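Throughout, read-outs are computed from the coordinates displayed, never taken from laboratory work. Computed from a predicted model, the values in this text were never measured in an experiment. All Cβ positions, glycine included, derive from the backbone under ideal geometry; neighbour counts span all protein chains shown.
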Amino acid sequence: MQNVVELSARNPRLRRMMKVLVCDPIAKRGVELLRQTPGLTVEERHGLKGADLLAAVADVDAIAVRSETKITREVLAAAKKLRVVGRAGVGVDNVDVEAATERGVIVMNTPGGNTISTAEHTISLMMALARNIAQACATLKGGKWDRKSFQGVELYNKTLGIIGTGRIGGEVARRAVAFGMRVLAYDPYLTVGRAKALQVEMVELNEIFTQADFITVHTPLTDQTRGIVNKAAFEKMKKGVRIINCARGGLVNEADLVEAVQSGKVAGAALDVYETEPPPMDSPLFKLPNIIVTPHLGASTSEAQESVGIEIAQAIAEVLGGGGIRNAVNMPSLDAKTLAVLKPYIDFAEKLGRLLAQTGPRRCEKLVVHYSGRVSEMDTNPISRSVLVGFLRSAEGREVNFVNAPIIASTIGLKVEETRSSAQSDYAELITVESHTDGKHSSVSGTFYGSLNNPRIVRLNDVPVESVPKGVLFIMQNKDRPGIVGWIGTIMGKHKVNIAQMSLGRDKLGGTALTLLNLDSEPNEAALAEIKADKDIYGVTVAKL
């Protein structure tokens, strides 16, 4: 995988057949969709581990997994041709995203496919907790008619605390409101408008712990959220609170939960996910009658499995076929429509970054991308990333793509910044890229003339020029003197180098001039030596775009 622009420029019928390895069971319709995609071959091999997995990934372009197969750093290193890992589900805990990013591999998931399934499972467990359904079922099947031991509580007028109101948390909130519950929501990213639409109250985390009768967690598992429901949290809760976790094992500290249930502080809990999966069969969670457990069934409906299987297959096929990138967890997602709009800017930005790397100092501490005019109103993240890709490819001489460019920049201490301006200027829109080192800077600016099919370089180190960003660019700084144009033309002609276009600029009359030539071929060393020998030539650069 190179970058999003190169992917979009390729025709799958003109390149080699690409291989997709399906490591875990996904919907048959999803596998069939991949098989029917021109340019793809599909191999289904479930349950691979160790050396067998390493051998199987050696020549694959894409891997599709659920939660069973672990895509580790070792696996990624063995997959030399790998472009994309598709996870049919929400979490990517079984994929080493950091290692994938370093290797330039896109990691995608399907955040929407199992939303309804998991939300309904959460509500099911909450109702089972409230009415002791699992315990009563087990007792009756065991031959005992016991009505008195299983008196429950109603959900109506109770308070539900939701930690995390993304897709699944939001759907849980809608259903809880329908039951007549008061819903408290904690989520740092929840907006006032979204809270009103969901009919929830925005609160801080402590208010969830102190006020809720039921608490359910729906956040990703991160360093910040691991153990978010723990001993300290239980101490703040009401006596008789009930806990539900259908999100990620580790959000609820299991040892602290067992202690809180045993003490009577927590009336019951329902878990679908665990710190270790599968959990050990001697786990204390299984020995407490008021803890309901299910084996990670949140997404286990036929509708959800069909949905995520088809969704991840479509996403993989689209990436390998040169389309948009959806639901990527390690780079900006670009659907096909957005990509179509941004593609001319992304293409041009990569060339601006490449040109700056070849004309400025080799060492760079900070890269600044300025946007003005129409382009400043767009999503410029992919454009800036493309600038960085072009800059690093020329400056670093290493394998760089859209995915790993920020990681590489970080490892070499290169900072990247963006600025925007909507103020009027000489151009309807302008992209300027600057490299900063030791208080000095170099820059290149570009715009589009008339249409997005007509990009132009219009400034080089603040000197006005006009050049097509294509092929070989000859850049010369020289003393502003009569005859320089004829002189450089004569030398190029003598060495059989054709000049396609010429642009001249200067800082002042008789000062320093800038000559920029678009050449049909690269000048040889003899031509360059002859040019550099003149005392009025201050610098010569040959850039390749």
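Overview of values
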{"item": "Fewest-first sequence of Phe448, Phe391, Phe214 by Cβ atoms within 10 Å of each Cβ", "result": "Phe448, Phe214, Phe391"}
{"item": "C-alpha center-to-center spacing [the range 432-477, the range 513-545] in angstrom", "result": "17"}
{"item": "Cross-link partners of Lys265 among lysines (Cα-Cα below 21 Å; sequence separation of 8 or more within a chain)", "result": "Lys158, Lys231, Lys236, Lys238, Lys239, Lys287"}
{"item": "Helix 381-396 vs. the chain, principal-axis angle (Cα, 0 to 90°, nearest 10)", "result": "60"}
{"item": "Cut-off 12 Å between beta-carbons: net charge of the residues surrounding Gly505, Lys and Arg +1, Asp and Glu -1", "result": "-1"}
{"item": "Value at 222 nm in deg cm²/dmol, rounded to 500, when DSSP H runs of n ≥ 4 in the chain each add -39,500 (n - 2.57)", "result": "-10000 deg cm²/dmol"}
{"item": "Cut-off 11 Å between beta-carbons: net charge of the residues surrounding Phe234, Lys and Arg +1, Asp and Glu -1", "result": "+2"}
{"item": "Structure-derived volume of the Cα convex hull per residue in Å³ - corresponding label in [x] 209; [y] 200; [z] 187", "result": "[z]"}
{"item": "For the range 328-337, 3J(HN,Hα) per residue [Karplus equation, 6.51 cos²θ - 1.76 cosθ + 1.60, θ = phi - 60°, Hz, x = Gly/Pro]", "result": "6, 9, 10, 6, x, 7, 10, 6, 4, 5"}
{"item": "Amide proton proximity set for Val458, modelled H, under 5 Å, gap of 5+", "result": "Ser445, Gly446, Thr447"}
{"item": "Fraction of beta bridges assigned by DSSP in the chain that are antiparallel (%, nearest 5)", "result": "50"}
{"item": "Low-density loop positions, trypsin sites (Lys or Arg not before Pro), the range 120-205 - DSSP coil, at most 12 other Cβ in 10 Å", "result": "Lys144, Arg147"}
{"item": "Under Karplus coefficients 6.51, -1.76 and 1.60, residue-wise ³J(HN,Hα) of the range 19-29 in Hz, glycine/proline x", "result": "10, 10, 9, 9, 8, 10, x, 10, 3, 4, 5"}
{"item": "Amide H contacts of Val293 (H built 1.01 Å from N, under 5 Å, at least 5 apart or other chain)", "result": "Leu271"}
{"item": "Label-point separation in nm, Thr541 to Ala178, each point 7 Å along Cα→Cβ", "result": "6.2"}
{"item": "Debye intensity ratio in log₁₀ form over the Cα atoms of the range 335-469, taken at each q of 0.09, 0.14 Å⁻¹", "result": "-0.23, -0.57"}
{"item": "Least to most buried among Met202, Met281, Met126, Met18 (fewest other Cβ within 10 Å first)", "result": "Met281, Met202, Met18, Met126"}
{"item": "Order of Cys364, Cys246 under a 10 Å beta carbon neighbour criterion, fewest first", "result": "Cys364, Cys246"}
{"item": "Residues whose placed amide H lies under 5 Å from that of Gly250, excluding near-sequence neighbours", "result": "Glu275"}
